[in-house]
Amino acid sequence: MLDELVQHEDDLIQMISQDVADGIGLKVSKAGGLTRGRRHRDIATAAGATVSVQDTVGSTITFAAVAHLGATVPERSLRCVLDSRGMVSVEAADFDAPIIDGGVLVPDRSGLGLTVHLDRLGEPVEIWDNS
């Protein structure tokens, strides 16, 4: 299992072509977000590799992204999804995703299915307005 070493598609393709591992630790932030994470998932599963969906640090917001991406990995290829909600002391959002029989059930709501607590985020560092 290659963990932090797979950050780009080229890393994953090299791993597969050289047959150095049978799985990856797909870290959403290291991959560059959900879109690139989906590409990593697609390449890994097409090659028959096992996928662990996780991130380097956690929160409820991070877990929502990880859980949703994990829900798209075929069951035969999914090693695990890391529940990172307990890694921070102040939660900035609620994410109703029950753990049932070791699996996470993601909500069927728009976006990531989060309820964000804006009062806990503090003042924005920067605001961009297109108007």
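The values are calculated or read from the model by the stated rules, or taken from the named source; none is laboratory data. These numbers come from a predicted model, not from an experiment. Please note: Cβ atoms are built from the backbone with ideal geometry, for glycine as well, and neighbour counts cover all protein chains shown.
General observations
- Boolean, D3 is closer than 24 Å to G103 by Cβ, modelled with pLDDT under 95 and not basic (K, R): yes
- Answer residue from the stretch 82-107, given it is modelled with pLDDT of 90 or more and among the β-branched types (V, I, T) and is surrounded by the most Cβ atoms within 10 Å (Cβ to Cβ) among those: V106
- Screening the stretch 1-107 for strands (runs of 3 or more DSSP E) wholly inside it with 2 or more residues that are touching a Ser or Thr at 6+ places or on another chain (Cβ under 8 Å) and under 25 Å from R120 (Cβ atoms) returns the ranges 93-95.
- Of the numbered criteria (1) in contact with a helix residue (DSSP H, G or I) (Cβ under 8 Å, 6 or more places away or on another chain); (2) modelled with pLDDT of 95 or more; (3) over 23 Å from D83 (Cα atoms), the one R41 fails is (3).
- Residue match in the stretch 16-30 (condition: without any contact (Cβ under 8 Å) to a residue 12 or more places away in the chain and among the acidic types (D, E)): yes
- Test result for G58, of a type in the set (G, A, S), surrounded by fewer than 19 Cβ atoms within 10 Å (Cβ to Cβ), closer than 21 Å to Q7 by Cβ and free of Cβ contacts under 8 Å to residues at least 24 places away in the same chain: no
- Every condition in (1) charged (D, E, K, R); (2) crowded, with 16+ Cβ neighbours inside 10 Å; (3) touching a helix residue (DSSP H, G or I) at 6+ places or on another chain (Cβ under 9 Å); (4) modelled with pLDDT of 95 or more holds for R79 except the one numbered (3).
- Summed over the stretch 108-118, the residues that are in a loop (DSSP other than H, G, I, E, B) and surrounded by fewer than 18 Cβ atoms within 10 Å (Cβ to Cβ) give a count of 6.
- Filtering the stretch 18-55 to residues that are closer than 25 Å to P98 by Cβ and either in contact with a Cys (Cβ under 6 Å, 6 or more places away or on another chain) or surrounded by 20 or more Cβ atoms within 10 Å (Cβ to Cβ) (or both) leaves G25, L26, K27, V28, G37, R41, V51, S52, V53, Q54, D55.
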